[in-house]
Amino acid sequence: MSQPPNQPPQPGGFGAPQDPPPGGFGAPTPPPPQGPPSGPPQQPGYGYPQQPGPYGQPQPGQPGQPQPGQPGPYGQQPGPYNSGPYAAQPQQPGPYGQQPGYGYPQPQFPGAPGTPPPGSRNPFKGKPALAIGAAVAALLVIGGSVWAVTATGGDDKDEKPVAGKSDDPKPSGSGGAPVNPGDGSGDGGEDTEDLNEGRQAGESKVLWYKEAPDAPGSGADAPGMWVTGDTAVKAAYKQVFAYGVGDGKPAWDPITFPEEICAVTPQKTAADKIVVAYMSGSSDRAKCNQMQEIDLATGAKGWKGEVEDGELFDSALSVELNVSDNVMMVGRSQSGTAYDVTSGKKLYDKKRYGDACFPAGFATGPTSIVQVASCGAGGNNEHDEVQGLDPKTGKVLWTYKYEKGWRVERAYSVDPLVVYATNEEKKVWNISTFTSKGTVLEQVGVDEDFAPECGWAILDRDLQGCEGVAVAAGTLYLPTEATSGANEIVAIDLATGKEKWRAKSPADESMIPMKVEGDQLIAYVRPSYDAGGQIVSIATGGNSHEPAKLLQNPQGVADIENSFYSKDIDWVDGRFYISTTRLTGNDESKEKLMLAFGK
């Protein structure tokens with residue numbers, strides 16, 4: 001019986017998948033990158049809608065269906081499948097599913113974002129599927145028996161699949177009631193609540209908060225949140241606001257656009273600049289193609305440009321913006337265009353190539369850009385490919401081909417590259433880490449149901465749309481799914497694919513990783529009905545990984561914290577920031593846009 005090279009099976013670790021638990025969905029097949037094995041067929045599909053085609057658009061008969069988001073691209077990514085759009089997110093129903101007027105059709109599949117039933121479980125239960133290179137034997141466990149399966153397809157003869165690698169608080173702020181800076185134009189009018197009223201000893205303060213601006217009854221996007229120097233910046237509907245980090249007073253006058261903001265660069269440049277995209281009009285034919293550069297420190301507007309349409313069926317109705325150093329990649333439904341982010345000058349296009357391969361998404365790191373392409377739609381050679389690009393020229397540096405049936409859902413990290421992929425038919429997932437040359441370094445072999453918080457998109461893959469995952473110093477940090485009570489954060493060695501340690505949430509609510517600062521992992525513990533959220537630190541080295549509390553947010557604000565169903569969070573210089581990424585447009589409530597907590 002053959003086994004993956006240099007990877008003897010180990011109980012509960014990397015190697016042959018273990019027997020599935022009673023009532024499970026069947027053993028995950030050993031599958032994925034560059035030629036995962038095709039093996040015996042798995043159990044029938046779970047009833048999910050067909051995955052969007054390689055063109056980035058829903059297939060016939062599936063208008064407006066959201067694409068598998070990921071971690072567990074199907075919702076809550078079990079193992080990693082627990083946070084994708086197809087996974088039941090461990091959150092309260094959000095504006096994307098429950099609140100009226102979002103404007104998108106309601107998802108009708110299990111685990112759809114915003115509609116997780118109590119106690120719902122991700123269909124991709126069990127162990128991660130092992131991704132195997134061409135001509136490498138894999139093990140498939142079916143009904144307690146072990147079968148040898150040989151992978152086919154792929155070019156590297158001796159390659160095995162991989163997995164990749166995943167910052168002292170000094171809070172400050174004025175005492176007394178937090179301020180609500182702004183012009184009082186939010187839904188609730190002038191808001192003078194004292195959110196610190198009744199604050200208990202040991203609880204943090206709400207340093208300041210901002211009421212949401214008025215939005216249409218159908219809702220509006222509020223994408224992005226950037227904290228830099230003395231300024232915290234937030235986009236919402238048609239405006240971009242800036243606040244002083246210590247007192248929340250306006251740092252510069254709000255920037256107002258003629259139409260709704262539809263995309264932003266989640267990353268800021270080294271010079272603290274961002275790019276905002278807004279709609280070309282308000283009609284159904286309007287496109288998300290107007291770009292404006294903004295200086296986060298001053299609010300000054302820089303260059304302005306327009307995203308060109310691609311070829312037929314490749315429009316800028318929806319775009320994604322990502323920055324790598326001084327290059328911004330704009331992704332359309334079937335192509336991408338790179339710009340010099342300092343000048344707005346177009347650098348190059350990435351279009352269809354090879355065997356009907358269409359760019360389906362881009363992900364960027366500090367020094368790298370990767371492209372995911374869908375190839376050979378509907379044919380025997382249908383598959384996904386990942387390519388490493390030279391950021392300045394767009395030249396393809398390497399290509400990694402996944403076996404048919406596998407879909408690249410997320411890039412947990414780009415520098416280094418950590419890819420999460422799923423196989424809907426076999427209901428298995430795979431997390432692989434890649435070298436800078438595009439070869440698989442290792443695969444995650446941890447038997448766990450992971451649940452990072454991942455958004456979902458209708459016409460694109462949103463490769464970097466996940467909260468609750470961190471990669472640093474050769475380690476990947478992922479939260480487990482909370483079935484009841486506290487969950488855990490698992491630290492995974494990207495060089496071996498094995499678990500290094502795990503830390504349990506200090507409360508009965510889920511804990512998710514945010515970032516690594518020095519030798520500490522910073523994590524956020526969600527609020528409950530009777531306690532505010534917590535910010536904790538966890539030592540990444542040594543033998544003790546007990547969470548140490550940095551901030552305990554006030555119980556009196558727990559309901560507001562819980563109201564951020566779709567959110568951005570950040571921890572900077574001892575302050576915790578939380579903001580919504582979707583406005584409900586509900587005129588009956590004083591919807592909050594953003595809050596800052598500190599000591």
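Modelling each spin label as a point 7 Å along the Cα-to-Cβ direction, I'd like the LYS351/ASP587 distance in nm, to one decimal.
Going by the 7 Å Cα→Cβ label model, 4.8 nm.
May I ask you to give the solvent-accessible area per residue for the range 483-594, in square angstrom, as obtained with a 1.4 angstrom probe?
37
Calculated FRET efficiency, ASP519 and ASP230, Cβ-Cβ r, R0 25 Å, to nearest 0.05?
0.40
Report the semi-axes of the equivalent ellipsoid for the range 219-375 in whole Å, largest first, where each axis is √(5λ) for an eigenvalue λ of the Cα gyration tensor.
28, 18, 12
Give me the number: length gained by fully extending GLU259 to SER436, i.e. 0.36 nm times residue separation minus the C-alpha to C-alpha distance, one decimal in nm.
That works out to 59.6 nm of additional length.
For the range 410-496, which trypsin sites (Lys or Arg not before Pro) are in a loop by DSSP, counting at most 13 other Cβ atoms within 10 Å?
Answer in residue order: LYS437.
Take the cross-link list LYS287/LYS351; LYS205/LYS549; LYS273/LYS401 and give me the ones stretching past 26 Å between alpha-carbons.
LYS273/LYS401
Are there trypsin sites (Lys or Arg not before Pro) in the range 253-303 that DSSP marks as loop and that have at most 13 other Cβ atoms within 10 Å, and which are they?
In loop regions of the range 253-303 (DSSP not H, G, I, E or B), the sparsely surrounded trypsin sites (Lys or Arg not before Pro) are ARG285.
Could you calculate the FRET efficiency of SER282 with ALA548 from 1/(1 + (r/R0)^6), where r is the beta carbon distance between them and R0 is 56 Å, rounded to 0.05?
0.65
Treating cross-link reach as a plain straight distance, find the lysines whose alpha-carbon is under 18 Å from the alpha-carbon of LYS426, omitting any fewer than eight places away in the same chain.
LYS426 reaches LYS125, LYS127, LYS404.
Expected output is a single nm value to one decimal: the length gained when fully extending between ASP194 and ASP573, i.e. 0.36 nm times separation in residues minus the C-alpha distance. What is it?
134.0 nm is the gain from fully extending ASP194 to ASP573.
In debye, nearest 20, what is the charge dipole magnitude of the range 327-449 about its Cα centre with +1 on Lys and Arg Cβ and -1 on Asp and Glu Cβ, if you could check?
680
Which Cα, out of THR496, TRP429, VAL444, lies furthest along the positive dipole direction of the range 417-539 (beta carbon charges, K/R +1, D/E -1)?
So the residue furthest toward the plus end is THR496.
In the full protein assembly as shown, how much of GLU197 is accessible to a 1.4 Å probe, in Å² to the nearest 10?
140
Highest first, please rank the peptides 233-243, 510-520 by the mean number of other Cβ atoms sitting within 10 Å of their residues.
233-243, 510-520
Could you rank the peptides 371-378, 486-493, 345-352, 539-546 by their average count of other C-beta atoms within 10 Å per residue, with the highest value first?
By packing density, highest mean first, the sequence is 486-493, 371-378, 345-352, 539-546.
At a Förster radius of 60 Å, what calculated FRET efficiency corresponds to the Cβ-Cβ distance of LYS392 and ALA201, to the nearest 0.05?
0.65
The values are calculated or read from the model by the stated rules, or taken from the named source; none is laboratory data. Predicted model, so just to flag it, every value in this text is computed and none were measured. Glycine gets a Cβ as well: all are built from the backbone with ideal geometry, and neighbour counts include every protein chain shown. Heads up: the accessible areas ignore ligands, DNA and RNA and are worked out on the full protein's heavy atoms, side chains in. Shrake-Rupley method; radii C 1.70, N 1.55, O 1.52, S 1.80 Å.
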